[in-house]
Amino acid sequence: MGREVAESCVDGVVMEMVAAYCGRFYASKPELAARRIEAIGFQVGHQLTERYTMERPRFSDHLEAIKFICKDFWSELFKKQIDNLKTNHRGTFVLQDNHFRWLTRVSIDPSVESIDANENDSTSLGDSAAQTTSMLLYFPCGIIRGALTNLGIACSVTADMSNLPACSFVVRIKT
Amino acid sequence: MPPPTAPKSGDALFASVERVNAELFTLTYGAIVRQLLTDLEEVEEVNKQLDQMGYNIGTRLVDEFLAKSNVSRCADFKETADVIAKLGFKMFLGVTATVTNWDAEGTSCSFVLEDNPLVDFVELPDTCQGLQYCNVLSGVIRGALEMVSMKTEVTWVRDMLRGDDAYEMRVKLTKQVPEEYPYKDDD
């Protein structure tokens, strides 16, 4: 086992990064904030794969690479594997984590929470929570895209969180 | 009332929290710093944002620390500093700091880190002169202490990324706010 730090450290910097980009830098331009958060994830995924694949032969096909992401890569990051992998055999893969750690651990920005609590408006709380969560998910989407890009697979990655705390990542390979 | 529990040791504390591989933390922080440098352009502004992020993180980590460490109220700033160095750093980063260089009044001291997981694999290019890479750590200390009524100024004195032999942050207690009860509603 390599070096470890408390999970709260990762949660803290990720949450603050999302809060900074969505609240302080690009408050009125969520699509720009999303792109930056994704870019940060991309870099992390790219560098992590570099380290994790150093002593391993090249993957023979796309499915092998995706399986590596589901098993080894996910285990390094979240101490569990992806629970379910589906594919249409035409370049789309759906990776489902039934209990995605960052959605179960990470709480909503307290300032947002308290504003909503004062207004006593459950709809807006739901909205802002969903908004924060969807912004947060650009980060793991970026990580997956960065990892696959480093393995030579150009793709786009989106997240589907319609079944919380399960989360699905949809990988579409570019042809 | 349950009987008071003895404070945990640093090792026991670190063993009791959920942990993740440090590479994820280090690389994530590195990627954030790099993106901030691209987006904000001014190094000074990046330093400020890193400190702000740290401050916000610190205000939350202190709750987790108090809840898990069983530390009771510290008698003075000296004891507080020791608790942070031995238990606080250990619980979150898995390393301990040394407290040194106390001034005569006992209101400022240094935390010295010889091992700092935040900077594994980091090298600063020449274009990043002036970047306080570890500002998130000083921010965390400032934020956490403010939550326990101690206003501090935290500055970096030594930085291995700049060729020093260790990381040293100077913590100066500027104001100790007496806790008031009951809290006012509008606080």
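Here are a few things to note about the model shown:
- The fewest-to-most ranking of B:TYR55, A:TYR21 by surrounding Cβ atoms within 10 Å reads B:TYR55, A:TYR21.
- Residue-normalised convex hull volume from the C-alpha trace of the stretch B:58-187: 128 Å³ per residue.
- In summary, the lysines within cross-link reach of A:LYS67, defined as a Cα separation below 22 angstrom excluding same-chain residues under 8 places away, comprise A:LYS79, A:LYS80, A:LYS86, A:LYS174.
- Counting, for every residue in B:48-61, the Cβ atoms of other protein chains within 10 Å of its Cβ and taking the mean gives 4.
- Assuming charge only on the beta carbon of Lys and Arg (+1) and of Asp and Glu (-1), the dipole of the protein assembly as shown about its Cα centre is about 1260 debye to the nearest 20.
- 12 Å beta-carbon shell around A:TYR26, net charge (K/R +1, D/E -1): +2
- Between B:LEU124 and A:ARG3, the simple label model (points 7 Å from Cα in the Cβ direction) yields a spacing of 1.8 nm.
- Those lysines that a straight Cα-Cα span of less than 22 Å connects to B:LYS8, excepting residues fewer than 8 apart in one chain: B:LYS68, B:LYS78, B:LYS86, B:LYS90
- Whole-Å distance, taken between Cα centres, linking the stretch B:31-79 and the stretch B:99-117: 17 Å
- If R0 equals 56 Å, the separation of the Cβ atoms of A:GLU50 and B:GLN176 corresponds to a calculated FRET efficiency of about 0.75.
- Shape class for the stretch A:7-173, computed from the alpha carbon gyration tensor (a ≥ b ≥ c): prolate, with a/c not under 1.5 and a/b above b/c.
- Helix axis angle, B:135-147 relative to chain B longest principal axis, alpha carbon, degrees: 20 degrees
- Angle in degrees between helix B:22-40 and the longest Cα principal axis of chain B, rounded to the nearest 10: 60 degrees
- Within a straight-line Cα-Cα reach of under 23 Å, A:LYS29 can be paired with the following lysines, leaving aside sequence neighbours fewer than 8 residues apart in one chain: B:LYS48.
- Charge dipole of chain B about the Cα centre (unit charges at C-beta), most positive-ward option of B:TRP102, B:TYR29, B:MET160: B:TRP102
- Here the calculated FRET efficiency for A:SER60 and A:MET161, from their Cβ-Cβ distance with R0 = 25 Å, stands at 0.20, rounded to the nearest 0.05.
- Using just its DSSP H runs of length 4 or more, each adding -39500 (n - 2.57), the protein assembly as shown gives a mean residue ellipticity at 222 nm of -15000 deg cm²/dmol after division by all residues.
- Computed from the C-beta positions of A:LYS29 and B:VAL71 and an R0 of 56 Å, the FRET efficiency is 0.80 to the nearest 0.05.
- C-alpha long axis of helix A:7-19 to longest principal axis of chain A, angle in °: 70 degrees
- Radius, Kirkwood style, for the protein assembly as shown when every pair of distinct Cα atoms is counted (Å): 21.9 Å
- Peptide B:10-22 has a mean of 5 when you count, residue by residue, the C-beta atoms of other protein chains within 10 Å of its C-beta.
- Each Lys and Arg adds +1 at its Cβ and each Asp and Glu adds -1 at its Cβ; summed about the Cα centre, the stretch A:7-173 shows a dipole of about 740 debye.
- Pair B:GLU153, B:LYS48: separation of 7 Å Cα→Cβ label points (nm): 1.7 nm
- For A:ARG35, B:ARG73, A:ARG145, the sequence from fewest to most other C-beta atoms within 10 Å is B:ARG73, A:ARG35, A:ARG145.
- Integer Hz, Karplus 6.51/-1.76/1.60 couplings in order for the stretch A:163-174, x for Gly and Pro: 10, 4, x, 6, 9, 10, 10, 9, 9, 10, 7, 7
- Here the spin labels are modelled as points 7 Å beyond Cα on the Cα-Cβ line, and at B:ALA15 and B:ASP165 they lie 3.4 nm apart.
- The ranking of A:LEU164, A:LEU136, B:LEU37 from fewest to most other beta carbons within 10 Å of each one's beta carbon is A:LEU164, B:LEU37, A:LEU136.
Every number here is computed from the coordinates shown, using simple stated rules; none is lab data. Predicted, not measured: the structure shown is a model, and the values here were computed from it. Glycine also receives a Cβ, built like all others from the backbone with ideal geometry; neighbour counts cover every protein chain displayed.
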